[in-house]
1. Under a Cβ-Cβ cut-off of 13 Å, what is the net charge of the residues other than Leu86 that fall near it, where Lys and Arg count +1 and Asp and Glu count -1?
2. For Thr28 and Gln1, compute 0.36 nm times the residue count separating them, minus their Cα-Cα distance, and round to one decimal in nm.
3. Over region 1-120, what is the relative contact order in whole percent, taking alpha-carbon pairs under 8 Å and six or more residues apart?
4. Could you work out how much longer the chain between Lys87 and Ala101 gets when fully extended? Use 0.36 nm per residue separation minus the Cα distance between them, nm to one decimal.
5. Can you check what the net charge comes to around Tyr60, using other residues whose Cβ is under 11 Å from the Cβ of Tyr60 (Lys, Arg +1; Asp, Glu -1)?
6. Starting from the Cα of Gln117, step 7 Å toward the Cβ, then list every residue of region 1-15 with an amide N under 20 Å from that point.
7. Size of the dipole of the chain about the Cα centre, Lys and Arg at +1 and Asp and Glu at -1 on the beta carbon, nothing else charged, in debye to 20?
8. Report relative contact order for region 18-65 in percent, whole number only (criteria: Cα-Cα under 8 Å, sequence separation at least 6).
Amino acid sequence: QVQLVESGGGLVQAGVSLRLSCAASGRTFSNYFMGWFRQAPGKEREFVGRINWSGGWIYYADSVKGRFTISRDNAKNTVYLQMNSLKPEDTAVYYCAAGSALSSLPRDYAYWGQGTQVTVSS
């Protein structure tokens, strides 16, 4: 079992930056690929980005590429999502997830956090 807890969400104005954190506990964190997803009201859960165990392979959705950065600190059992130049369309609940495969599909991630709300006003 892996327990994930996101933090760092909030209400911000368009154009500013926000950093989300996802703290993991339980099984060895470094064994897992980590993904970030988001879900806006009335929409399906959307892939944001993913990172492999070493941080050497990172992939982003086109909608956030160039604005968002994923990193991880295995010593702290934490993965981060740095979000710059936020837009109103980035408003969603953001989730981190842990899985055993480098995937963009929610079904490939076995463990999920509870989510943190990010609201971007125009």
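1. +2
2. 8.8 nm
3. With pairs under 8 Å counted, the relative contact order is 36 percent.
4. This chain segment gains 2.1 nm when fully extended.
5. Computed value for this residue: +2.
6. The answer is 5-15, whose backbone nitrogens lie closer than 20 Å to the label point.
7. Taking the Cα centre of the chain as origin, the dipole is about 140 debye.
8. 27 percent
FYI, it's all coordinate maths here, none of it is from the lab. Note that the coordinates shown come from a computational prediction; the quantities given were computed from them, not determined experimentally. Because the Cβ atoms are built from the backbone with ideal geometry, glycine has one as well, and the counts that use them run over all protein chains shown.
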